[in-house]
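Reviewing the structure listed below.
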Amino acid sequence: MAMSSEDGLLAEVWRDVGGDTMRLVLVQGSSPPPLRAALPVARLVHDAVAAAALAAQELEDSAAPIRIDPVHAATAVTSERWFRHHGEAPRAWHPLSGFRPAADGFVRTHANYPHHHERLLRSLGLTGAADAAALDARIRSMTGAEVERAAAANGALAVAVRTEGEWGASPQGRAGAAGPLVQFERTGARLRWRRGARGSEPRRSPGARRTADAPTVAEGPRAAGAPLAGLRVLDLTRVIAGPVAGRTLALLGADVLRIDPPRLPELGWQHLDTGHGKRSALLDVRSVDGSARFERLLESANVLLLGYRPGALDVEAIVGRHPALVVAELSAWGWSGPWADRRGFDSLVQAASGIAVVEGATDTPSALPAQALDHATGYLLVAAVLRAVAEGGSARIRASLARTAAALLALPRGADAGAATAADAFEPSLVHLHGLTTAQPAFGRRSWPAPPRSWGGDPAAWR
């Protein structure tokens, strides 16, 4: 069954971000991405990628038809399956991550990062030497709610597996499903960038105060075929959704600088898998020197991507000091409700929201065939950022994995999901770059502008 733009998430998100609905007809029907699932995850992926593609095309003043290649989209959202570094596959999941039986059901744990691994064991009264068998035994002696509360109290990551109904009746379930799929608020300042300009540092006299209504840009050569040439994107995101958004903006020509705190470990393969076209620097923004350097970066940035949990940075203060920014924020659980300030990952949102129960067989929960909440939310962020850039104004943008999960669960089931099940296996669309094998871009005809760079290997400065 062909995907179309007549209904579904594409039309919803396009309205959310203020797009001209007449452009929706440009997205032509195509086969669904070959992602086998009980839920219509193929439609979620198609529509999220199509929203980003449509916004990119609008920025290029094109009215050409858009068809999302189903294999490119499916490969992109399952990229961890295909990633190779000099032929070696990564260990995508830590042995302590996964579904585990509790006294009254199942929980889902996440321990991929060393600090999360340590916190999980500590939260359950286990030593750092405990293995998966010890963790399993401990969790079987507790209810799912007890595991969940202990993990949350210690900054660890574990949630009880719920049904759709249980999640929908919970305070966080209701809060996470509320509001638009993508929150898009114009904030009134003019964007300090225009297509074809390189560099967005405002020219100011020493001590002069920057004003949002009188921006200037340094003129430079226009990069052929790159609609975001000269756009400066400060990427403060980790894991998948935010980095996918930054990678996609880099694909379209933006100068994307990813900033990470030096003391927070990163998974090397995961960084490379989402690092195409970006530069990567380490900076402690909480230190005196790091804070000053961060401010200088913000002075010349056009877009700020934020993927840390709400409250980790004072976003209101940043917007107050730098009103001519497009600020795109990402969270796991949303910005209201009792879990708003909790850490979260795609796998945990699937488990808590009821997706894992729908995807499971009999009484055993299971996962979607991709971390589709992450990837889809990343492309939705891209669509919103591009719309703000097309309008030439600053904006506040928010998207959450919980809200994307609610949208997936609300989609009609049956026809789309059934169409995808026949195409379980597919030949992935891959690219080989400097010893890396990674997924090709999910949409468009552009290739990655540069291979991924090593984590923290660049200075914390614009080009």
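Since every read-out is calculated from the coordinates, none of them should be taken as a lab result. On a predicted model such as this, the values are computed, not experimentally measured, just so you know. When we count neighbours, we look across all protein chains shown, and the Cβ atoms used for this are built from the backbone with ideal geometry, even at glycine.
Applying the Karplus relation 6.51 cos²θ - 1.76 cosθ + 1.60 with θ = phi - 60° to segment 18-24 yields 3J(HN,Hα) values of x, x, 6, 5, 5, 6, 4 Hz, where x marks Gly and Pro.
Note the full-extension length gain between Arg81 and Glu295 as 0.36 nm times their separation in residues minus their Cα-Cα distance, in nm to one decimal. Please list the in-between numbers first.
Working: separation 214, 0.36 × 214 = 77.04 nm, distance 3.80 nm.
So the chain would gain 73.2 nm between Arg81 and Glu295.
Would you mind estimating how fast segment 233-342 diffuses translationally, via Stokes-Einstein at 37 °C and 0.692 mPa s with the Kirkwood radius over Cα pairs, in µm²/s? For the chosen part, D equals 227 µm²/s. Would you mind counting up the charge near Leu96? Only other residues with Cβ under 15 Å from its Cβ, with Lys and Arg at +1 and Asp and Glu at -1. It works out to a net charge of +4.
Which of the chymotrypsin sites (Phe, Trp or Tyr not before Pro) found in segment 92-129 are loop residues per DSSP with 16 or fewer other Cβ atoms within 10 Å of their Cβ?
On the way: sites: Trp93, Phe99, Phe106; in loops: Trp93.
Sites meeting the loop and neighbour criteria: Trp93.
Taking every C-alpha pair closer than 8 Å and separated by at least 6 residues, the mean separation divided by the residue count of the chain gives a relative contact order of 26 percent.
Compute the FRET efficiency between Glu118 and Arg446 as 1/(1 + (r/R0)^6), taking r as their Cβ-Cβ distance and R0 = 45 Å, and round to the nearest 0.05. The pair Glu118/Arg446 has a calculated efficiency of 0.65.
Sorted into 5 angstrom bins from 0, the C-alpha pair distances of segment 335-463 split as 2, 7, 11, 15, 18, 18, 14, 10, 4, 1, 0 percent.
The ellipsoid equivalent to the alpha-carbon distribution of segment 286-353 has semi-axes of 27, 13, 11 angstrom, derived from the gyration tensor eigenvalues as √(5λ) and listed largest first.
The angle separating the long axis of helix 114-123 from the principal Cα axis of greatest extent in the chain is about 40 degrees.
What the Cβ-Cβ distance of Glu166 and Arg36 gives, at R0 = 35 Å and to the nearest 0.05, is a FRET efficiency of 0.85.
Other residues with beta-carbon under 12 Å from the beta-carbon of Ala63 carry, at +1 per Lys or Arg and -1 per Asp or Glu, a net charge of -3.
Using 0.36 nm per residue of separation minus the Cα-Cα distance, give me the extension gain between Glu60 and Arg91 in nm, one decimal. All intermediate terms of the calculation are to be shown ahead of the outcome.
On the way: separation 31, 0.36 × 31 = 11.16 nm, distance 3.93 nm.
Taking Glu60 through Arg91 to full extension adds about 7.2 nm, to one decimal.
Model label sites at Ser454 and Glu316, defined 7 Å from Cα along the beta-carbon direction, differ in position by 4.2 nm. Centroid-to-centroid, using Cα positions, segment 20-74 and segment 91-146 are 38 Å apart. Taking only Cα atoms, what is the 0 to 90° angle, nearest 10, from helix 288-300's long axis to the longest principal axis of the chain? Result, in degrees: 60. Listed by Cβ neighbour count within 10 Å, with the fewest neighbours leading, Ile66, Ile355 appear as Ile66, Ile355. Here Cα Rg over 2.2 N^0.38 Å was computed from the coordinates, and among (1) 0.95; (2) 0.91; (3) 1.41 the match is (1).
Could you check what % of the DSSP bridge pairs in the chain are antiparallel, to the nearest 5? Spell out each step's value before the answer.
Details: 23 of 46 bridges.
Rounded to the nearest five, the antiparallel share is 50 percent.
To test your reading of the geometry: what angle, between 0 and 90 degrees and rounded to tens, separates the Cα axis of helix 41-59 from the longest principal axis of the chain? Long axis of 41-59 versus the principal axis of the chain: about 10 degrees.
Grab the DSSP H runs of the chain that are 4 residues or longer, score each as -39,500 (n - 2.57), total them, divide by all residues and round the 222 nm result to the nearest 500 deg cm²/dmol. Present the calculation step by step, with values, prior to reporting the outcome.
On the way: 18 runs with 169 residues, N = 463.
Mean residue ellipticity at 222 nm (helix-derived): -10500 deg cm²/dmol.
Listed values for segment 227-234 are Karplus-derived 3J(HN,Hα) couplings in whole Hz (6.51 cos²θ - 1.76 cosθ + 1.60, θ = phi - 60°), namely x, 9, 3, x, 6, 9, 10, 9, and x replaces Gly and Pro.
Once the piece of chain linking Val71 and Arg413 is laid out straight, how much longer is it, given 0.36 nm per residue of separation minus the C-alpha distance between them?
Working: separation 342, 0.36 × 342 = 123.12 nm, distance 2.15 nm.
Between Val71 and Arg413, full extension yields an extra 121.0 nm.
For segment 246-255, 3J(HN,Hα) computed residue by residue from phi via the Karplus equation (6.51, -1.76, 1.60; θ = phi - 60°) reads x, 4, 6, 5, 5, 4, 8, x, 6, 8 Hz, glycine and proline entered as x.
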